[in-house]
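Novice: There's a structure below that I have some questions on.
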Protein chains: 4
Amino acid sequence: MSFSLGQKFRLTVYGQSHAKAIGVVIDGLPAGLDFPYTAIQTALERRRPGKKVWSTSRNEADLFEVKAGIVDGKTCGAPLCLEIRNQDMQSKDYAQHEYLPRPSHADYPAFVKYEGHHDIRGGGHFSGRMTAPIVMAGSIARYLLETSGIQIYSHIHSIAGIKDRLVDFAQPDFKALSELVNKEFPVIDDLQGQAMKEAILVAKEDKDSVGGQVEVIVDGLPVGIGQPLYDSCEAKLAHAMFGIPATRGVEFGTGFAGANLRGSQHNDPYYLDSNLTVKTLTNHHGGIIGGLTTGMPLIMRVAIKPTSSIGQPQASVNLDQQVNQELTIEGRHDPCIVPRVVPVIEAMTAICLLDLMMMDGQWPTISTKN
Amino acid sequence: MSFSLGQKFRLTVYGQSHAKAIGVVIDGLPAGLDFPYTAIQTALERRRPGKKVWSTSRNEADLFEVKAGIVDGKTCGAPLCLEIRNQDMQSKDYAQHEYLPRPSHADYPAFVKYEGHHDIRGGGHFSGRMTAPIVMAGSIARYLLETSGIQIYSHIHSIAGIKDRLVDFAQPDFKALSELVNKEFPVIDDLQGQAMKEAILVAKEDKDSVGGQVEVIVDGLPVGIGQPLYDSCEAKLAHAMFGIPATRGVEFGTGFAGANLRGSQHNDPYYLDSNLTVKTLTNHHGGIIGGLTTGMPLIMRVAIKPTSSIGQPQASVNLDQQVNQELTIEGRHDPCIVPRVVPVIEAMTAICLLDLMMMDGQWPTISTKN
Amino acid sequence: MSFSLGQKFRLTVYGQSHAKAIGVVIDGLPAGLDFPYTAIQTALERRRPGKKVWSTSRNEADLFEVKAGIVDGKTCGAPLCLEIRNQDMQSKDYAQHEYLPRPSHADYPAFVKYEGHHDIRGGGHFSGRMTAPIVMAGSIARYLLETSGIQIYSHIHSIAGIKDRLVDFAQPDFKALSELVNKEFPVIDDLQGQAMKEAILVAKEDKDSVGGQVEVIVDGLPVGIGQPLYDSCEAKLAHAMFGIPATRGVEFGTGFAGANLRGSQHNDPYYLDSNLTVKTLTNHHGGIIGGLTTGMPLIMRVAIKPTSSIGQPQASVNLDQQVNQELTIEGRHDPCIVPRVVPVIEAMTAICLLDLMMMDGQWPTISTKN
Amino acid sequence: MSFSLGQKFRLTVYGQSHAKAIGVVIDGLPAGLDFPYTAIQTALERRRPGKKVWSTSRNEADLFEVKAGIVDGKTCGAPLCLEIRNQDMQSKDYAQHEYLPRPSHADYPAFVKYEGHHDIRGGGHFSGRMTAPIVMAGSIARYLLETSGIQIYSHIHSIAGIKDRLVDFAQPDFKALSELVNKEFPVIDDLQGQAMKEAILVAKEDKDSVGGQVEVIVDGLPVGIGQPLYDSCEAKLAHAMFGIPATRGVEFGTGFAGANLRGSQHNDPYYLDSNLTVKTLTNHHGGIIGGLTTGMPLIMRVAIKPTSSIGQPQASVNLDQQVNQELTIEGRHDPCIVPRVVPVIEAMTAICLLDLMMMDGQWPTISTKN
């Protein structure tokens, strides 16, 4: 169903931006796993708007509550239910949009689909706020992957066309990548990051917004994870990434640029490294061939559109009166959501990879013993 | 499961490149639908290698047989089973690759995953030949969509960096698009197409290969098809597209390029057209917002990597003897698979859209009456 | 997954007997449906232990909270989340059972499966308390079915071998059946009900328990609901009924007794009634043939085992010390759960039938208009 | 979907009684498993009508062909496709039933559901012939379970009310049970079997039919297989059993009879056996509590209705002319299908148990090595 994701590590999200709560039910974990409270809260902090130049002034503590599934700090075999109560809601801001759809928001198709009954407050269930439950579930998945030696890194690849330092796909600088999770603005090259932040600030002053790309690098995956065709690593990851509002494109390895190469350039030659492990000299394939992991770093990029809510007047249509009508969006919004999407993309990546590994039965390292 | 796709229009494929047969079981269609024999055979013809410069010399008639599900030329409520017997197989060509994986092919991760038991002949179940059942299923879906006024068009957006004429996303030239399906080399600008074909020929002479992009335009979709989050139009389409071997990227509307725009540029202003229909002046969103169709043309691009099989010597590793070893691929292969992927991408698009419409219960126009 | 049920009307339950809360997430409803608050609360009351002779003295108000999915009293297209906070928990009663499994309870296999990490308090997620979320979801399904003229009735068919009045499968006394929902002890023949209650009382005095059967009659189903084979009405209903703790058998129509009949006795002759509707003279088939509804009343019986918790000493094994050890169960428990299971079985029936109808796309009467 | 079953061991069947072929696609098996050709053919022989008194004279060789998924006698990671060509079809026998539904057959609800477009020849996709693919898939599952020490036995529990010797649920006579698979008429007590066969013969002479019950006993299951609630062993097994045409009831352990017992009688006391294994003195629970296996023998009974096709005149309705009309069924049919259902029930049991074990990840003994 539309609000559920995954086969073995299966999550179902609920809530709307201004409902009483948002939450997630997670089914499929074995009993006896340590529950990573701190990791979850830390990840939620990364997604929170905070007081940064690039984010909305809506500011909630995003403290979560464990409703079920944990006994004495460990999973008990029942599904987990984790919930965040909504606070700091300013629902009145949205009244005008019931019949006046905001460009690039789901307002108009939702109005048609739900015949006007959808929750317009804060974007309802189309809100980016629906990614908070994903961050919670993803923190658990990530914690389990990390105990198996699998690390997920990501950086802002670009914002407003300003690019971070390129990552060497075959031999990434893991030391630099490992610092990203602690950065408020996760770029490798902080000077470029400074330029990006300035671009955001300029856009904000213009009552405008900017978009960008996020690049994910995963290290430590075993060879052969994933399935052919419709449970392939790419298919599952892309499916999940397009479940994040604002995603407009997903590519692996060299992606679209690779389509311009010749086979002799794009193919990655195999060699045996000093540990007699099979590797490729280059990694244009981005760690996945035929849907299966190759043991090389997994490389994925996600295109994030500029924030749809901008402060400038825009052309729209009054759906009730059936006339063209200008609208100006009030309320709070991020001039750039790319930094806040980073932990969401990491969470989704973790969710998919854990699910793929569990589907493969290749999960010997989840200890369920005390 | 990995070989099944769809929720209401549900297909399961079987076969390997050199198995006795490849086929597809299709469940979910109502009884009483006309079975489009000719449309299926025509679509298979479009995917066939033929005698074209860009394609392999493996050449099979690809005649299909209806095993079950049709009575007197109509569906009977039981699943359809459509099958193609494999012919013209030269299995001996592949013996050397059992332990000598071809770069950019699934050979190596498959060897690890299946512990050497996978079918290496012709790529086994990783073969592009597995897309023939998709073309059959897609022809049925397309036929049903067309009876509802939904048209799927696609063209070769680019090959080897040479681009076809750009499509106006908001107001495509449907007359030009409607001619594509009859073209052997589906481009809008035949001069550019000639340049692409020359690039393919040069690559072939160099024992090399080239890749490209395919762009899909869908006209006539109602507003509100699709679901939020994980059954969104983008999520379902991207999932399916990455189930096609050789896909490396998927984007909608302006996609990756849109991530460089500002919100004021990227947002598409609404207006009422002369029929009082809500439209957008531009269509950067590619016909989908928040996972739902907006009534504007659906725009999707798919990046196809250069054919992995090339005639040049390549570096590999002998997995049995654990030594580096050069390999040269014999056998037949396409210097560019992009033209042959076009009908596959169209078929996948039709499958996803029919499924999404059936999930929405918005399928009043399938007549099941005589 | 194990805690999810249904395809189009899809529910996911969470919670344990002594977790902070139990609840249900319901996906798949269209927007604009009236939310039946009162019907849900009334159904929960029917399941509550109350102060009756046959039930536990654990007594919770079972007031539910709507977490998400409802705006202005109507569904909004987002999943519903309904929750009940747990109260009146006496967790200490259960400490002894960690290593001393109660006969006929899930304690022992759960101990092995979860390696001792499952929640032993109140039976954890194996508790009958997990049926309260089902009752909430079922109330919604029932409300929708009733607006379409479909009525679900059920009575206690027997307790401790004492039988209620037999129902005529072909022509049930719907007047008598319609009174059942308002009865505290839902039998058609109250004298027989009195005898059953006395049997329960005697068992209680003996620190023992009794079981019984529940019979469901559904009126008003259209012809042809359900699918062949694995989405048949019987398959889906039986699957759901065995998801209710304590169910040991499910049969339709004449069921097991019918297996002793001859074909000439068991077959139900067709005839046209005065409205030119096709009916059967008898209804041994219980309203379902080949997985599809026939338009005759749907008849199902469910066998409920005697409550596993009894006050008498029982033989068990100390799993920690690996010795045989007698146990006596303290705490509160029902001498007979059959009366409390009745609304659960009705809820499950409603859930399955609504799902089957939605799968068939035969749901024209759900109005989503104001 | 309706023609698919299972989550990890996933099968999809196709075909109709008089289609060109019937078959099954099986997804989920690891590569490198030996393919049990002989076991499959032997199992098909057990289901075949043969020249026995109780069965139809339609007689097909039921030779199957492997379409895909096997290389050098082993699974290759691709789905298996196994097919049987239909032969010996006498389609003309069925013409009269297009508008004259046979009592207790799916003809009438199918006519309504499919608006007259379903395949009426031989019962179309409602035919018992659809169980042949199940027998093929079940043979593979059974072969794998047996290599893990899990044995599935079943006997005709009763026919026409005549009962076979009772099985001791706690300590079955496995020696006697192990002889059943080789018996043409699988009963423990051959004298009782003789009485059953005579009852069948008398019914046949009366142009009538008889039904019965099949009892399954599974030995060797580990403790803790299955999940709570909706993936419980009972829920999955019952779901599958009701996917067999003619099933009218399913019960586990003491089943319906157990509902008349008191808790003190029904509860099974635990004890440690001489190997320090936890066992129960009695086995009223039938090897499953709370959805999980307990390590005791799994006990299930399935009620099979008398064959619907009988030679006597029956009352029906002409659906075209809308008048009551008598019908007499011509063509071939079994006076009792119970003996032929036995291998189908065993196959379904094997399919479900293998799937449940794979879902639990408890399948360490499938060797995928040479």
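The values are calculated or read from the model by the stated rules, or taken from the named source; none is laboratory data. A quick note: this is a predicted structure, and the numbers were derived from the prediction, not measured. Note: ideal-geometry Cβ built from the backbone for every residue, glycine included; neighbour counts use all protein chains shown. Only protein heavy atoms, including side chains, enter the accessible area calculation; ligands, DNA and RNA are left aside. Shrake-Rupley method; radii C 1.70, N 1.55, O 1.52, S 1.80 Å.
Novice: Rounded to the nearest 100 Å², what is the buried accessible area between A and B, both sides summed, probe 1.4 Å? Walk me through the intermediate numbers first.
Specialist: Numbers: alone 17320 and 17340 Å², together 26770 Å².
Adding both sides of the contact gives about 7900 Å².
Novice: Going toward the positive end of the dipole of segment D:4-359, with +1 on Lys and Arg Cβ and -1 on Asp and Glu Cβ, which of D:235, D:201, D:19 do you reach last?
Specialist: Farthest towards the positive pole: D:19.
Novice: Ignore the peptide's own chain and count Cβ atoms of other chains within 10 Å of each Cβ in C:210-217; give me the average, rounded.
Specialist: Numbers: counts 6, 9, 2, 3, 1, 0, 0, 0.
Counting other chains' Cβ atoms within 10 Å and averaging over C:210-217 gives 3.
Novice: Looking at this model, which pairs from B:52/B:236; B:236/C:20; C:279/D:207; C:183/D:305; C:163/C:204 are more than 26 angstrom apart at the alpha-carbon?
Specialist: Details: B:52/B:236 33 Å; B:236/C:20 36 Å; C:279/D:207 24 Å; C:183/D:305 35 Å; C:163/C:204 19 Å.
Pairs exceeding 26 Å: B:52/B:236; B:236/C:20; C:183/D:305.
Novice: Here's something else I'd like to know. Show me the three semi-axes of the equivalent ellipsoid for the protein assembly as shown, from the C-alpha gyration tensor (sqrt of 5 times each eigenvalue), largest first, rounded to whole Å.
Specialist: Values: eigenvalues 502, 283, 211 Å².
Semi-axes from the Cα gyration tensor: 50, 38, 32 Å.
Novice: For segment D:278-334, go through all pairs of different Cα atoms, get the mean of 1/r, take its inverse, and jot down that Kirkwood value in Å. Can you show the working numbers first?
Specialist: Details: mean 1/r = 0.0626 Å⁻¹.
Here the Kirkwood hydrodynamic radius works out to 16.0 Å.
Novice: Copy-to-copy spacing for residue B:190, label 7 Å out on the Cα-to-C-beta vector, in nm, shortest first?
Specialist: 6.1, 8.2, 8.9
Novice: State the Kirkwood hydrodynamic radius of segment D:226-268 in Å, one decimal place, computed from all pairs of distinct Cα atoms.
Specialist: Values: mean 1/r = 0.0838 Å⁻¹.
Across segment D:226-268, the inverse of the average 1/r is 11.9 Å.
Novice: Moving on. Please pull out the direction-averaged projected area of segment A:217-370, using the convex hull of its alpha-carbon atoms, in nm² to one decimal place.
Specialist: Details: hull surface 61.4 nm².
Approximately 15.3 nm², given one-decimal rounding.
Novice: Highest GNM mean-square fluctuation, chain A, Cα pairs closer than 10 Å: which of A:308, A:139, A:104?
Specialist: Evaluated over chain A, the most mobile residue of the options is A:104.
Novice: Further question: If amide H atoms are built 1.01 Å from N in the plane of the peptide, which residues on other chains or at least 5 residues away come under 5 Å of the amide H of residue B:209?
Specialist: A:263, A:264
Novice: Given all pairs of different Cα atoms, what value in angstroms does the Kirkwood hydrodynamic radius of chain A take?
Specialist: Numbers: mean 1/r = 0.0462 Å⁻¹.
This gives a value of 21.7 Å.
Novice: Here is a further query. Please list the three semi-axes, largest first and in whole Å, of the ellipsoid equivalent to segment D:143-245, using sqrt of 5 times the eigenvalues of its alpha carbon gyration tensor.
Specialist: Working: eigenvalues 169, 66, 26 Å².
Sorted largest first and rounded, they come to 29, 18, 11 Å.
Novice: Which helices, taking whole DSSP H runs in chain A, have alpha carbons extending 15 angstrom or more along the helix axis plus mean Kyte-Doolittle at least -0.5? Please report the intermediate quantities before stating the final value.
Specialist: Numbers: long enough: A:37-47 (16 Å, -0.62); A:131-147 (24 Å, 0.86); A:190-205 (22 Å, -0.13); A:338-359 (31 Å, 1.61).
Membrane-span-like by this rule: A:131-147, A:190-205, A:338-359.
Novice: Between beta-carbons, use under 10 Å as the cut-off and find the net charge around residue C:259, counting Lys and Arg +1, Asp and Glu -1.
Specialist: Net local charge, residue C:259 excluded: +2.
Novice: How do B:330, D:215 stack up against each other in accessible area, from largest to smallest, with a 1.4 angstrom probe? List each step's numbers first, then the result.
Specialist: Working: B:330 110, D:215 5 Å².
Result of the area sort, largest leading: B:330, D:215.
Novice: Report the Cα centroid-to-centroid distance between segment C:136-161 and segment A:177-232 in angstrom, as an integer.
Specialist: 53
Novice: Percent of accessible area on the protein assembly as shown owned by carbon and sulfur, 1.4 Å probe?
Specialist: Numbers: 23120 of 46530 Å².
Whole-percent figure for carbon plus sulfur exposure: 50.
Novice: So what is the relative contact order for segment A:255-356, in percent, with contacts set as C-alpha pairs under 8 Å and at least six apart? Let's see the in-between values first.
Specialist: Details: 86 pairs, mean separation 14.2, N = 102.
That works out to 14 percent.
Novice: Can you give me the solvent accessible area of residue A:341 with a 1.4 Å probe, rounded to the nearest 10 Å²?
Specialist: The accessible area comes out at roughly 10 Å².
Novice: Give me the accessible area per residue for segment D:4-359, probe 1.4 Å, as a whole number in Å². Could the numbers behind the result be given before it?
Specialist: Values: 10800 Å² over 356 residues.
I get 30 Å² per residue for segment D:4-359.
Novice: Find the relative contact order for chain A and round it to a whole percent, using C-alpha pairs within less than 8 Å whose residues are 6+ positions apart. Don't jump to the answer; show the numbers that get you there.
Specialist: Details: 751 pairs, mean separation 85.7, N = 370.
The normalised contact order for chain A reaches 23 percent.
Novice: Could you please report the charge total around residue C:156, scoring K, R as +1 and D, E as -1 over all other residues with beta-carbon less than 15 angstrom from its beta-carbon?
Specialist: So the environment of residue C:156 carries a net charge of +1.
Novice: Hey, any idea what the orientation-averaged projected area of the convex hull of segment A:181-307's Cα atoms comes to, in nm²? Present the calculation step by step, with values, prior to reporting the outcome.
Specialist: Working: hull surface 40.7 nm².
Projected area, direction-averaged: 10.2 nm².
Novice: Rounded to whole Å, how close does chain B get to the rotation axis onto D by Cβ? Give me the residue too, please?
Specialist: B:12, 2
Novice: With a cut-off of at most 12 other beta carbons within 10 Å, and DSSP calling the residue loop, which trypsin sites (Lys or Arg not before Pro) in segment B:269-370 qualify? Please list them.
Specialist: Counting only loop positions with at most 12 other Cβ atoms within 10 Å, the trypsin sites (Lys or Arg not before Pro) in segment B:269-370 are B:369.
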